[in-house]
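A quick write-up on the structure given underneath.
Laboratory data are not the source of any read-out in this text; all were calculated from the coordinates shown. Computed from a prediction, not measured in an experiment: that's the story for all the values here. Every residue, glycine among them, receives a Cβ derived from its backbone with ideal geometry; neighbour counts consider all protein chains shown.
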């Protein structure tokens, strides 16, 4: 017995175990605990269990340790409330920040069992709080981690553990993850350490935990696992179901470069093993444990809503087989007043309840016809759904393709609308602006228009900045490919006051359709959802939960992998809602790949860099934020710079707390591995645009940009979708007819009933309903979403310096929101509301639930 106690460590299987790792009393270390600390991991069998003498030796050592003086610590574990059937045991052990002085191995407390029978059983509570009692030696040191063993029959959500210390302080452990039956997890205390500062008792554990969640590119992933790995977008098509649903693999090639996604490892397609088999249900989507959204119930309801939409499609076909298109704009408005009747016309009754009814989009709220005004059409380019694409025109006529396409635009088209300025003078004064989608769509337009029923152009729209500081459209060029020179048609506003020029209105429809598809595929999906996923994967694979940068980023990475996986299954997949509703159809994601290849750079994604790139601002050290805007009343830029500046200051304060010098950034091995993996693996197809992460300044810029993209950028391009695109004439997504040439039969049809022709160009009834169902959901805030600056992460509670910096951040955001509200009430700022009286609130940080047209969530969580 004495010999057993005096040994400094037991050597078994080439590894050493400290007797002080043992529980202080009651029970021996379990097989899984021994296997975890021996590095065996989650294997079901271990050589430890095959040597009874070894287990007996440990048991004898434990008995001796139990006689030592101990201290009882009380903790409270918080779980999401759920049925408790099937509970076998939930046990926890504390792990000290101090390593054993003799063996340098981890030191553990007694095994503590969760007292389920003592939990708070309030029927209205969504969580349950269970007391847990731990026994530790007096020389145990400060608890730095907990080891959790679950015998729960189904996965359970462990939210947190709070430990009450003898000195009246508390130590928090943020868990917030699902734990499966038989799974063992380690959670660190809410205290951040750079790798070199890690306490001795946590060093090896820190390394093991990171290694345990890194995939190696093989194996089928199973829900409940924590593995993060990379893969290309090889799951968008479903060739096993139909050859028409074949889509190219995005990523991993020079033809279709793309960011990587989280690997699922499903079986390959039967048709071609290059592709992954598609997920037929939500249950087949692998998500690493902890990636399920906190508002999973609401997301499940949303998923059901999308599935219900697919079931409605045959009903809509049947009900409107003879009249697939709306006859007039009034019929479109009736979707929000009377609803959409799903019964065939011949079997309807006046008391029929088979209707889909949608809320009124904001663009129709104050002035129902304001959407048709040229001034509102122009205002939406800087304060609408896609205010991040307009550019200051440098060359007239604009061109980019190599070799450049010949434009039909010339000075004669626009000079009469520039007041007293010539084109060259307007260019010199930076008063001409452009939405240029010619090069984005022209390479694909022939294939796009070969799709059934699609008739679209590639557009360029020129705007002039008036003396009043508002924009007005002065010309639209619509182009089509042809075997010889491209076909270009130029349209200008009608000269007759009071008379509607329907050719001009149709030109605006086609230009808006280009903007809508570009917005959805690039401004929204690619530039937020897709480009952020590699950052999320690398953060989990390379940054320990102890790392301060992970603590900063986690609120901004929450639920994105889950949302993206659902998007691949329902929205952006072959035959999905995006392909059905947008003119780009089956080529939508390919077009986003083309943009990623030719135009996307990470160092241009921050707001100031983006404004400078587009020529919408110039550097001016005397101006607020160091930038002078080309359009002073540019709501997205003005509000965005306030939010950007607030984020930047918060990140600056945070980084300064943990990194004293530039050399600290260089010496941080986890951080350098993180950046290397993002740039060389997650975004392996992009070689340019990555700064050298060797200074505090560079780190701050990277982190500010990531937080900006996940929060404010995404909010600006997402939560206004229903407000503007909910009424499809204002924001059409697909066109079914070209603009008729003078003297043609179609031109006669237009002259005879212009409104009917106008509506027959737009989305048909089925496409409209499909779009409305989707964007109403996408534009809504769900319960459980967390907003920018709203509440601090539990990861920061142990550091008062961080808490103080976050409080300042919250106050700056509150002040920014107050300023936004004041600007929206200022009559001289005409671009803030416009003729439609829709105030620009998309960057107001706070919001309630539902369709609000405001609110900046922390992360891409919808």
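Given N residues in region 462-580, what is Rg(Cα) / (2.2 N^0.38 Å)? Provide the component values of the computation, followed by the final result.
On the way: Rg = 22.2 Å, N = 119, 2.2 N^0.38 = 13.5 Å.
Here the Cα radius of gyration is 1.64 times the empirical estimate.
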>> Please report the projected area of region 734-794's Cα convex hull averaged over all directions, in nm².
In response: 7.1
> Taking 0.36 nm per intervening residue step and subtracting the Cα-Cα distance, what contour gain separates residue 800 from residue 204 on full extension?
Replying inline: 211.8 nm
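By per-residue mean of other Cβ atoms within 10 Å, what is the highest-first order of 718-724, 258-264?
Values: 718-724: 26.4, 258-264: 24.1.
Ranking, from highest mean packing down: 718-724, 258-264.
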>> Taking every DSSP beta bridge with both residues inside the chain, roughly what % is antiparallel (nearest 5)?
In response: 95
> Roughly what angle does helix 548-557 make with the longest principal axis of the chain, taking Cα atoms, 0 to 90 degrees, to the nearest 10?
Replying inline: 50
> Hey, rough spin-label estimate for residue 500 and residue 597, points 7 angstrom out along Cα→Cβ, what's it come to in nanometres?
Replying inline: 4.2
>> If I model a spin label at residue 681 and residue 89 as a point 7 Å from the Cα along the Cα→Cβ vector, what separation in nanometres do I get?
In response: 3.6
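Is the shape of region 633-708 rounded, prolate or oblate, going by the alpha carbon gyration tensor and its root eigenvalues a ≥ b ≥ c, with a/c under 1.5 for rounded and a/b larger than b/c for prolate? Walk me through the numbers before you get to the answer.
Numbers: a/c = 2.99, a/b = 1.34, b/c = 2.23.
Because a/c hits 1.5 or more and a/b fails to exceed b/c, region 633-708 counts as oblate.
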>> Using alpha carbons only, how many angstrom separate the centre of region 799-855 from the centre of region 613-676?
In response: 19
> Using the per-residue mean of other Cβ atoms lying within 10 Å as a proxy for protection, in what order, highest first, do the peptides 792-805, 465-478, 700-713 fall?
Replying inline: 700-713, 465-478, 792-805
> In nm, to one decimal, how far is the modelled label at residue 466 from the one at residue 427, with both set 7 Å along Cα→Cβ?
Replying inline: 2.5
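Determine by what factor the alpha-carbon radius of gyration of the chain differs from 2.2 N^0.38 Å, reporting the quotient.
1.05
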> Taking only the alpha-carbon positions of region 670-806 and ignoring solvent, what does the Debye formula give for the base-10 log of I(q)/I(0) at q = 0.13 Å⁻¹?
Replying inline: -0.85
> For region 750-862, rounded, prolate or oblate, judged on the Cα gyration tensor with a ≥ b ≥ c (square roots of eigenvalues), a/c < 1.5 rounded, else prolate if a/b > b/c?
Replying inline: oblate
> If the chain between residue 742 and residue 315 were fully stretched, how many nm would it gain, using 0.36 nm times the residue separation less the Cα-Cα distance?
Replying inline: 149.9 nm
> What angle, in degrees between 0 and 90 and rounded to the nearest 10, separates the Cα long axis of helix 502-518 from the longest principal axis of the Cα atoms of the chain?
Replying inline: 20
> By how many degrees, 0 to 90 and rounded to 10, does the Cα axis of helix 374-383 deviate from the longest principal axis of the chain?
Replying inline: 20
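Using a Förster radius of 22 Å, what is the FRET efficiency between residue 692 and residue 253 based on their Cβ-Cβ separation? Nearest 0.05, please. Present the calculation step by step, with values, prior to reporting the outcome.
Values: r = 27 Å, r/R0 = 1.23.
Step by step, r from the Cβ atoms, then E = 0.25.
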>> Between residue 416 and residue 624, what's the calculated FRET efficiency when r is the beta-carbon distance and R0 is 45 Å? Round to 0.05.
In response: 0.80
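Pull out the extension gain between residue 369 and residue 447, defined as 0.36 nm times the separation in residues minus the alpha carbon to alpha carbon distance; nm, one decimal.
Values: separation 78, 0.36 × 78 = 28.08 nm, distance 3.49 nm.
Roughly 24.6 nm would be gained on extension.
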> Measuring from centroid to centroid over Cα atoms, what is the spacing of region 235-292 and region 421-490 in Å?
Replying inline: 35
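Set the Förster radius R0 to 22 Å, insert the Cβ-Cβ distance between residue 632 and residue 811 as r into 1/(1 + (r/R0)^6), and round the FRET efficiency to 0.05. Working shown, then result.
On the way: r = 26 Å, r/R0 = 1.20.
Once the sixth-power term is evaluated, E becomes 0.25.
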> Which distance in Å, rounded to a whole number, links the C-alpha centroids of region 683-699 and region 193-230?
Replying inline: 24
> So, by mean Cβ neighbours within 10 angstrom, what's the order for 481-491, 741-751 with the highest one leading?
Replying inline: 481-491, 741-751
>> Can you bin every Cα-Cα distance in region 356-421 into 5 Å intervals starting at zero and give me the percent of pairs per bin, rounded to whole numbers?
In response: 3, 11, 14, 18, 17, 15, 9, 7, 5, 2, 0
